[in-house]
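Structure first, then comments.
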Amino acid sequence: MNDQELLRYSRHILLDEIGIEGQERLRSASVLVVGAGGLGSPAALYLAAAGVGRLVLADGDTVDLTNLQRQILHTPSRIGWPKARSGELALRELNPDVDVLAIEARLADGALEAAVAQATVVLDCCDNFETRHAVNRACVKAGVPLVSGAAIRFDGQLAVFDPRQDHSPCYHCLFPDTDLPDPVQCATMGVFAPLTGIIGTLQAAEALKIAGGFGTPCVGSLLLVDARTLEITRMKVPRDPHCTVCGPQSRL
Ligand SMILES: [Zn+2]
C-alpha cells in the first residue's frame with residue numbers, strides 16, 4: 001500500500017482485527033453485488049469506501065423517480081440511466097482506487113455462474129425470488145460465500161451462507177422454491193427507506209468480514225429486523241439434509 005492508501009484506510013488499519021494484512025486482503029478481494037437498488041446502494045457504497053479491490057455491480061433495471069427515496073447510489077439527474085452504470089459513476093467518484101465493473105443486465109445462467117465463480121463473496125441485493133434462488137445455486141456450485149439481504153415494508157432479513165463450511169445451510173434450506181410469492185406483488189410493495197440502509201449496511205459488514213478474514217460472520221443464522229419497534233431477532237437455522245440444492249441429492 002502507498003502512503004495515500006495507508007492514510008485513507010488508517011482507521012481500519014488501526015483496528016487489531018483488521019490491520020495492514022486485513023486491509024490488503026480487502027484490496028485483493030472481488031465482490032459481486034447483485035442488484036443496485038435499496039440494498040445494493042448502501043452495500044456497494046460501503047464496500048467501495050472501505051477499499052475492496054474490485055466491485056462488480058449487476059442490475060438490469062433503469063433508475064426511476066420512485067427509486068430515489070432509498071436507492072442512494074442514484075440521483076435525479078440519472079433517471080432513465082441503467083442502474084449499474086449510475087452506480088458505477090457514484091462508486092468511482094467515492095473511491096477511484098476501486099476497480100468497478102458494471103453489468104447492465106439481470107444476471108442469469110452462464111453469465112451468473114461466471115460472475116459468481118470469480119467472486120470472493122457475493123451479496124444478494126435483488127428484489128425477486130427467481131434471481132435469489134439462481135444466485136444461491138451458483139454460490140453453492142462454486143463454493144462462494146453468499147450474504148443475503150431482504151427488506152419489505154418495515155421487515156428486514158439478513159443471512160450468511162458459506163458452502164465451504166459443512167454445517168452451513170444455503171438459501172434454499174431456509175426458503176424452498178415452492179410457493180413463491182407473486183413477483184409483481186413484491187415489486188409494488190412499500191418499503192421504509194432507512195430499513196434498506198440498515199440491511200444493506202449489515203450485508204457490507206458481513207462481506208468485509210469474510211473478504212478481510214476477521215470477526216465471525218453470522219453463518220447459519222437468520223437475523224430478523226422489525227423497523228417499527230427495532231426489535232432484532234437472531235435465530236439459528238440448520239442445514240436441510242434433504243435440500244435439493246446443497247444436500248446429497250444435488251450431487252447425484
Ligand atoms: Zn440447502
- [ ] Express the relative contact order of the chain as a whole percentage, based on alpha carbon pairs under 8 Å and six or more residues apart in sequence.
- [x] 20
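Per residue, how much accessible area does the chain have with a 1.4 Å probe, in Å²? Walk me through the numbers before you get to the answer.
Details: 12220 Å² over 252 residues.
With all protein chains present, the chain gives 48 Å² per residue.
Would you work out the charge dipole size for region 43-174 about its Cα centre, treating the Cβ of every Lys and Arg as +1 and the Cβ of every Asp and Glu as -1, and quote it to the nearest 20 debye? It would help to have the intermediate numbers written out before the result.
Details: 12 positive and 16 negative charges, 17 e Å.
My answer is approximately 80 debye.
For region 99-192, what proportion of DSSP beta bridges, expressed in % and rounded to the nearest 5, is antiparallel?
Numbers: 7 of 11 bridges.
Counting DSSP beta bridges with both partners in region 99-192, the antiparallel share is about 65 percent.
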Task: Rounded percent of accessible protein surface that carbon and sulfur make up, region 105-252, 1.4 Å probe - done: 57
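Order the peptides 212-224, 37-49 from the highest to the lowest mean number of other Cβ atoms within 10 Å of their residues. Before the final figure, lay out each step's value.
Details: 212-224: 16.8, 37-49: 26.2.
Listed from highest to lowest mean packing, they are 37-49, 212-224.
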Task: Along each principal axis, Cα extent of the chain, largest first, Å - done: 52, 41, 41
TODO: Per DSSP H run of at least 4 residues, take -39500 (n - 2.57); add these up for the chain, divide by its residues and hand me the 222 nm value, nearest 500 deg cm²/dmol.
DONE: -10500 deg cm²/dmol
Open item on the list: What is the distance in Å between the Cα centroid of region 103-145 and that of region 1-79?
Closed with: 18
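Can you give the translational diffusion coefficient of region 105-206 in µm²/s, computed by Stokes-Einstein from the Kirkwood radius over Cα pairs at 4 °C and 1.567 mPa s? Show your work: numbers first, answer last.
Details: Rh = 14.2 Å.
This corresponds to a translational diffusion coefficient of 91 µm²/s.
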Open item on the list: Using the basic label-point model (7 angstrom from Cα toward the beta carbon), what is the T75 to L6 distance in nanometres?
Closed with: 3.4
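The values are calculated or read from the model by the stated rules, or taken from the named source; none is laboratory data. Keep in mind that what you see is a predicted model, and the values were worked out from it rather than measured. Counting neighbours? That spans all protein chains shown, and the Cβs are built from the backbone with ideal geometry, glycine included. SASA here: full protein model, heavy atoms, side chains in, ligands and nucleic acids out. Shrake-Rupley method; radii C 1.70, N 1.55, O 1.52, S 1.80 Å.
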